[in-house]
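Laboratory data are not the source of any read-out in this text; all were calculated from the coordinates shown. Since the model is a prediction, treat every value here as computed from it, not as a measurement. For neighbour counting, all protein chains shown are included, and Cβ atoms are generated from backbone atoms with ideal geometry for every residue, glycine included.
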Number of protein chains: 2
Amino acid sequence: MTLAIAPAAARDDAEARILGAALRDDRAHRRLAWLTDRIGPRLSGSENLTRAIVWAEEQMRGDGLERVRTEPVAVPHWERGREIGEIVSPTRHPLALLTLGGSVATAENGVQASVVVADDLEHLARLGESVRGKIVLFDKEILRNGGPDGSRGYGSAAALRTRGASEAARLGAVASLVRSLGTADYRLPHTGAMRYEDGVPRIPSAAIAAEDAELIRRLTTAGQDVQVSLTLTPITHPDAESANVVGELRGRERPEEIVVLACHLDSWDVGTGAIDDGVGCVAVMEALRILRELELRPRRTIRAVLFTNEENGLAGAEDYARRHADELASHVAAIEMDSGAGAPLGFGITAGEGAEVALREMAAPLRALGAGEIRKGGGGADISTLAPAGVPQIGLWQDTTTYFDYHHTHADTLDKVDAGALARSVAALALIGYRLAEAETTLPRIPSKAEGAGN
Amino acid sequence: MTLAIAPAAARDDAEARILGAALRDDRAHRRLAWLTDRIGPRLSGSENLTRAIVWAEEQMRGDGLERVRTEPVAVPHWERGREIGEIVSPTRHPLALLTLGGSVATAENGVQASVVVADDLEHLARLGESVRGKIVLFDKEILRNGGPDGSRGYGSAAALRTRGASEAARLGAVASLVRSLGTADYRLPHTGAMRYEDGVPRIPSAAIAAEDAELIRRLTTAGQDVQVSLTLTPITHPDAESANVVGELRGRERPEEIVVLACHLDSWDVGTGAIDDGVGCVAVMEALRILRELELRPRRTIRAVLFTNEENGLAGAEDYARRHADELASHVAAIEMDSGAGAPLGFGITAGEGAEVALREMAAPLRALGAGEIRKGGGGADISTLAPAGVPQIGLWQDTTTYFDYHHTHADTLDKVDAGALARSVAALALIGYRLAEAETTLPRIPSKAEGAGN
């Protein structure tokens, strides 16, 4: 009987089964509850991350995936320690703060100095030597969805967090604070990674709640000398052992050609890493499990990669690209889900000319779920290391209206994840993963720089 | 010229001047910035509250108010101390918590026990002796504006916070936790007052963030023995000296008849007491200042009373009622603003029959500001001690949609106050205060219980 069905009809049937299976089961959500409630936050180097890796490997084996394994990689091991900050003059006011990942500690008895407020790096440059001996506060507000013209989103201020400390230290500052990169007003500090530039003194750095940044700005604007005291005791340990977790559905015709479904299993150490990015990992796992359960074995291999150390190093992504260098030419696409738990809207894609049109056709069955739109530009931090080899980069495009309310905070917890939106994301990943692995032709690859130069 | 204006026209002119003056000046907001930024939180017994009392008295004198004075009263003096809570089994998870005001401390090395979740006091009663030796967690969610039918608001769960500890202790519990009485999900604990019942062991009590309550419930529902460790070190000191702050505009014809405008100057010790109730106090101060500046001296006296110790004792309100017992019969109305910083919608009133109709007519000039609605039932905690003497109770009715997102938390800060909504609240208080003080007749009083018995 099966032989009598025309290929298009068979594909339609497979797609309907994928959508139906994704929407009728809450296994992804139940797995996320386990990952966040029973294991918890998963910072690189932590025991929790190791437990999560063991757990994910077991789960994928239990799902019947193939070639399930861990691929070991050394990762940074930074530990938060205590963190106390206070305005001590002209009034006393405790700061809601989180040390930035990678920061050095203050002196044992802390640091106390006057604060200078900088709007951004350009403003800091204009302040110049006047910040010597001071604490610099970078105070730039970001807005949901980037504000009216999209220019005031997370990306518009991220450099203040990652590079602010070194830029301030170069001018003689003794510590660096950044207004949290967040879009809500619940006195909630947002942590994140920072990096030191070589050859510049390493000064301690923390993010403070928006309310506290605004208070300091009001006081300094009123001409007050605002003295802040900080005691931060983070420790950078030697690199720790970690691993990417990999599992596959081997392709039936061209198993050497690979579609990667990606997420990251590590998280920050506050909250429980539910929206960043536990939700992405359970969705990826579930997408492969559904295809396996439905016995839909596409032409090519679909490979789930649960990356380690996305948050503070990208060591997992870099290791993957090195380890699999020989087969990157046959990676036909990589899809990442790492934009929170909002409703899936479609996909963003970075690839060669014509890729959007091809992907739009493949995503058509997702339109009724509101998840079938395609936009130019997309990917994810973990799969970005595959871009130099030309691997088409696809990111699940989600509603991120409230993502930066919770991202990197104590409030990144399970309750922020809507089970329905998660099920629809699973449907989107499973369907596009299947279509890309089954398609007769592959997506046009990212042109190499030499090829692209003529454009 | 003035003598030629008919009374109604003169009143219209006065009203227009009041509205205009309230809306064109941001002095109330600037005062609130001082109170919250420079003085900060103002818990009873704290140095900050004393500073705020001195400041408010100075401000009212500077405004040219009459008979400005403090009326001393002893208040409870409870101090928070350290507070640490953690789920230690079956997983380790720090609790975001705030000790409840009035709670005793745990033993020096803390308390650790299994948690039993109770939906409410009735559920606790059914659990009975099974809570002996355990920590009881009262986990009841409240919803913005009380949810679809209004039944799930703050009031529906407040008893769990105020009485939960004694009810649990009566059954042998060793500590009591309550899901924060809040309506947002930013891992933010909400403090508040609790009371011990005489003759029942006093057990420590704290509020935990909604997320943490939900986690504990999920774990216990899954059959896990959830062990929580708590170390709380609050101290109850001897009562401290404090005061209500009073200032007046003396009436031109019947100065012995009084309209009270009320708020409370104390706050919790977290956040800076901006919406609860710094905003009410600067609005009351500004309402009188505007009338003074406009030289509008109504028939009766308008008295601003900035109460102390609303949050954890009501000692200021009780003292006022005792101290002024002889003149309560000539208190013709009391108006309180203590519902946050949301837009003013009108007033709620508790008084004798016909009072709503009379107040609705007086509030007509506020309709264009969206602040002219009148509803039955209203008042405020501080003026409630005047109700037994029949004083009509009026509360500024405000939009409280987000009030319980921030109330009693670290996030009760200046940025939650919209300067425009505050200016409109000032307009509403000044206008209604003026109308009540100027009216030829007074509002029907609350019937005494004997009189009311026949209704």
Legend entry - Shielding by other protein chains, A:408-421, mean Cβ within 10 Å: 3
Legend entry - Global form of segment B:81-233, assessed from the alpha-carbon gyration tensor, a/c cut-off 1.5: rounded
Legend entry - Linear extension gain, A:HIS123 paired with A:ASP326, 0.36 nm per residue minus alpha-carbon span: 68.5 nm
Legend entry - Viscosity 0.692 mPa s, temperature 37 °C, Stokes-Einstein D of segment B:242-373 from Kirkwood C-alpha radius, µm²/s: 207
Legend entry - Fewest-first sequence of A:ARG187, B:ARG202 by Cβ atoms within 10 Å of each Cβ: B:ARG202, A:ARG187
Legend entry - segment A:81-233, relative contact order in percent, only Cα pairs under 8 angstrom and at least six apart counted: 39
Inset, instruction - Sort A:MET60, A:MET362 so that the residue with the fewest other Cβ atoms within 10 Å of its own Cβ comes first and the one with the most comes last. - result: A:MET362, A:MET60
Legend entry - Förster radius 22 Å - calculated FRET efficiency between B:ARG144 and B:ARG375, Cβ distance, rounded to 0.05: 0.75
Legend entry - For segment B:338-345, Karplus couplings with θ = phi - 60° (6.51, -1.76, 1.60), whole Hz, Gly/Pro x: 7, 10, x, 10, x, 4, x, 10
Inset, instruction - Return one number: the angle in degrees, 0 to 90 and rounded to the nearest 10, between the long axis of the Cα atoms of helix B:210-221 and the longest principal axis of the Cα atoms of chain B. - result: 30
Inset, instruction - Report the GluC sites (Glu not before Pro) located in segment B:327-415 that are in a DSSP loop and have at most 11 other Cβ atoms inside 10 Å of their Cβ, or state none. - result: B:GLU353
Inset, instruction - For helix B:419-438, report the angle its Cα long axis makes with the longest principal axis of the Cα atoms of chain B; keep it between 0 and 90° and round to the nearest 10°. - result: 50
Legend entry - A:ASP415 versus B:ASP399: modelled label distance in nm, points set 7 Å from Cα along the beta carbon direction: 2.4
Legend entry - Along each principal axis, Cα extent of chain B, largest first, Å: 82, 49, 39
Legend entry - Cut-off 15 Å (backbone N to label point 7 Å along Cα→Cβ of B:HIS237), residues of segment B:312-333: none
Legend entry - Amide H partners (placed H, <5 Å) of B:GLY45, local residues excluded: none
Inset, instruction - Please report, largest first and rounded to whole Å, the three semi-axes of the ellipsoid equivalent to segment A:153-289, where each semi-axis is the square root of five times an eigenvalue of the C-alpha gyration tensor. - result: 40, 19, 14
Legend entry - Filtered trypsin sites (Lys or Arg not before Pro), segment A:1-90: DSSP coil and at most 12 other beta carbons within 10 Å: A:ARG82
Inset, instruction - Could you check how many percent of all C-alpha pairs in segment A:15-133 are farther apart than 25 Å? - result: 56
Legend entry - Pairwise centroid distance, computed over Cα atoms, of segment A:275-338 with segment B:101-163, Å: 44
Legend entry - Kirkwood-based Rg to Rh ratio, the protein assembly as shown, C-alpha trace: 1.03
Inset, instruction - With unit charges on the beta carbon (Lys/Arg positive, Asp/Glu negative), name the residue among B:LEU43, B:ALA22, B:VAL284 whose Cα is farthest towards the positive pole of the charge dipole of chain B. - result: B:ALA22
Inset, instruction - Treating each Cα of segment A:356-455 as an identical point scatterer and ignoring solvent, apply the Debye formula and state log10 I(q)/I(0) at q = 0.10, 0.15, 0.17, 0.20 Å⁻¹. - result: -0.37, -0.77, -0.93, -1.15
Inset, instruction - State, as an integer percentage, the relative contact order of chain B based on alpha-carbon contacts under 8 Å between residues 6 or more apart. - result: 21
Inset, instruction - Return A:VAL54, B:VAL104 ranked ascending by Cβ neighbour count within 10 Å, so the fewest neighbours appear first. - result: A:VAL54, B:VAL104
Legend entry - Shielding by partners - mean other protein chain Cβ count within 10 Å, residues of A:208-218: 3
Legend entry - Estimated distance in nm for a label pair at B:ARG24 and B:ARG170, the labels positioned 7 Å out from Cα along Cα-to-Cβ: 6.0
Inset, instruction - Output ³J(HN,Hα) for segment B:234-245: one whole-Hz value per residue in order, computed from phi by the Karplus curve 6.51 cos²θ - 1.76 cosθ + 1.60 with θ = phi - 60°, and x for Gly and Pro. - result: x, 10, 9, 7, x, 3, 10, 7, 8, 6, 7, 10
